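Shown next, in structure tokens, is the structure this report addresses.
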Amino acid sequence: MASGRGTVRQPSLAQLRAFAAVAEHLHFRDAAAAIGMSQPALSGAVSALEEVLGVRLLERTTRKVLLSPAGERLAARARTVLEAVGELMEEAEAARAPFTGVLRLGVIPTVAPYLLPTVLRTVHQRYPELDLQVHEEQTASLLDGLAHGRLDLLLLAVPLGAPGVTELPLFDEDFVLVTPRDHWLGGRGDIPREALRELDLLLLDEGHCLRDQALDICREAGREAGAPVTTSAAGLSTLVQLVAGGLGVTLLPRTALRVEAARNDDLSTGYFADPAPARRIALAMRTGTPRASEFTEFAAELRAALKSLPVRLRGN
């Protein structure tokens, strides 16, 4: 739509951001809350965008908001534009100075309580100008946040097998078997993996990568797919309390052992015969991010800081 001076009006980023939020949430109140805008301002921004583009983007009813056919097509375009602007700002921030500004770090729940003290100490000591913001989420949510620019860097178990993601390995850690104190496998240091075939195994809820890793270990040990598995816990702290109560046994990563198991006298720890089942922990970043060298250096600093943990450090 041309103005009186012959120029073409263009949508603003605020208008595109408002429309993208409405397209995602299909609800004005939720969309406004998601981007920190008042509901009247959000509605006005979307209406202004419709006027600038000359098309109707939304179908408004008394009960819900729907995308028009044009809105369906243009919502994807709006997201692409916003992601490109985000990448532009990220590149400009990285160009100004490394280890300054905001770093949005995503961490899985089975890593956060045990590694964050080391991560935070490293950031405070080595990168005092860095504004670290931590988000604890499950793996699928973290990868979505990384892909869409909501997160900058992830700390989680790998391999991920996700396109567009580069992994920076930190360390490998063994799994140990946590049992009730009087369990026949408690305290042993030579447990064969085959022992997992018939045990009453307690696992985390679905969605946790640690649950999937434990099930993979059990399958490799010859446990039948239909063998009983009790899923009763959303976190490791609850899981080990269920073990202490005699409801079964569980697998725990070594970095979690001191925090979760050593403080309870009703628990016992058993160690697997070599080679013990293990998981790998890494940082993950978007492939091609302008902060790649910064994140690679950060990974090296973390490896050095993690030397005191019961892990096997990995190089690049």
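Laboratory data are not the source of any read-out in this text; all were calculated from the coordinates shown. This is a predicted model, so every value here is computed, not measured. Cβ sites come from the backbone with ideal geometry, for glycine too, and all protein chains shown count toward neighbours.
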Distance from the Cα centre of the stretch 147-210 to that of the stretch 263-316, in angstrom? 12
Added length on full extension, which subtracts the Cα-Cα distance from 0.36 nm per residue, Q10 to L26: 3.4 nm
Between L313 and A276, what is the FRET efficiency for a Förster distance of 25 Å, r being their Cβ-Cβ separation, to the nearest 0.05? 0.90
If you place +1 on the Cβ of every Lys and Arg, -1 on the Cβ of every Asp and Glu, and leave all else neutral, what size is the dipole of the chain about its Cα centre, to the nearest 20 Debye? 800
How many nm is it between the label spots at D205 and E136, if each spot is 7 Å from the Cα in line with the beta carbon? 1.4
Can you give me the long-range amide H partners of F171? Hydrogens built in the peptide plane at 1.01 Å from N, cutoff under 5 Å, separation of 5 or more residues or another chain. I281, R314
Count charges around R280 for me, please; just the other residues with Cβ under 9 Å from its Cβ, Lys/Arg as +1, Asp/Glu as -1. -1
Please turn the phi angles of the stretch 80-86 into ³J(HN,Hα) values with the Karplus equation 6.51 cos²θ - 1.76 cosθ + 1.60 (θ = phi - 60°), one per residue in order, whole Hz, x for glycine and proline. 4, 5, 5, 5, 5, 5, x
How would the stretch 102-213 be classified by its alpha-carbon gyration tensor: rounded, prolate or oblate, with rounded meaning a/c under 1.5 and the a/b versus b/c comparison settling the rest? prolate
Evaluate the charge dipole of the stretch 122-259 about its Cα centre and quote only its size in Debye, nearest 20, assuming +1 on the Cβ of each Lys and Arg and -1 on the Cβ of each Asp and Glu. 360
Mind putting a number on the dipole of the stretch 13-92 about its Cα centre? Charges go on the C-beta only, +1 for Lys and Arg and -1 for Asp and Glu, and I need it in Debye to the nearest 20. 440
Using a Förster distance of 41 angstrom, determine the FRET efficiency expected from the C-beta separation of T80 and H124, and round it to 0.05. 0.65
Exposed loop sites here are GluC sites (Glu not before Pro) in DSSP loop states with at most 10 other C-beta atoms within 10 Å. What is the longest stretch of the chain lacking them? 1-128
Taking the chain as the reference, fit the longest principal axis to its C-alpha atoms, fit the long axis of helix 292-305 to the helix C-alpha atoms, and give the angle between the two in degrees, 0 to 90, nearest 10. 30
Each residue of the stretch 266-280 in turn: what ³J(HN,Hα) in whole Hz from Karplus with 6.51, -1.76, 1.60 and θ = phi - 60°, glycine and Pro shown as x? 8, 10, 9, 10, x, 10, 7, 5, 5, x, 6, x, 8, 10, 10
Relative to the first principal axis of the alpha-carbon coordinates of the chain, what is the inclination of helix 209-220, with its axis defined by its Cα atoms, in degrees from 0 to 90 and to the nearest 10? 40
What shape does the stretch 1-92 take by its C-alpha gyration tensor, where a ≥ b ≥ c are the square roots of the eigenvalues and a/c under 1.5 counts as rounded, a/b above b/c as prolate, and the rest as oblate? oblate
Quick one: net charge around K64, please, counting Lys, Arg +1 and Asp, Glu -1 for every other residue with C-beta under 13 Å from its C-beta. +1
For the chain, the longest principal axis of the Cα atoms and the Cα long axis of helix 112-126 enclose an angle in degrees, to the nearest 10, of 60
So, R0 is 45 Å and r is the distance between the beta-carbons of E93 and T238; what FRET efficiency does that work out to, to 0.05? 0.70
The stretch 143-275 - convex hull of alpha carbons, volume per residue in Å³: 127
How far apart, in nanometres, would the label points at R219 and T296 be if each is projected 7 angstrom from Cα along the Cα-to-Cβ direction? 3.5
Net charge near G186: determine it from the other residues with C-beta under 15 Å of the C-beta of G186, scoring Lys and Arg +1 and Asp and Glu -1. -3
Would you kindly derive the ³J(HN,Hα) couplings of the stretch 19-32 from the backbone phi angles with the Karplus curve 6.51 cos²θ - 1.76 cosθ + 1.60 (θ = phi - 60°), listing them in order in whole Hz, with x for Gly and Pro? 5, 4, 5, 5, 5, 6, 9, 6, 7, 5, 5, 5, 5, 4
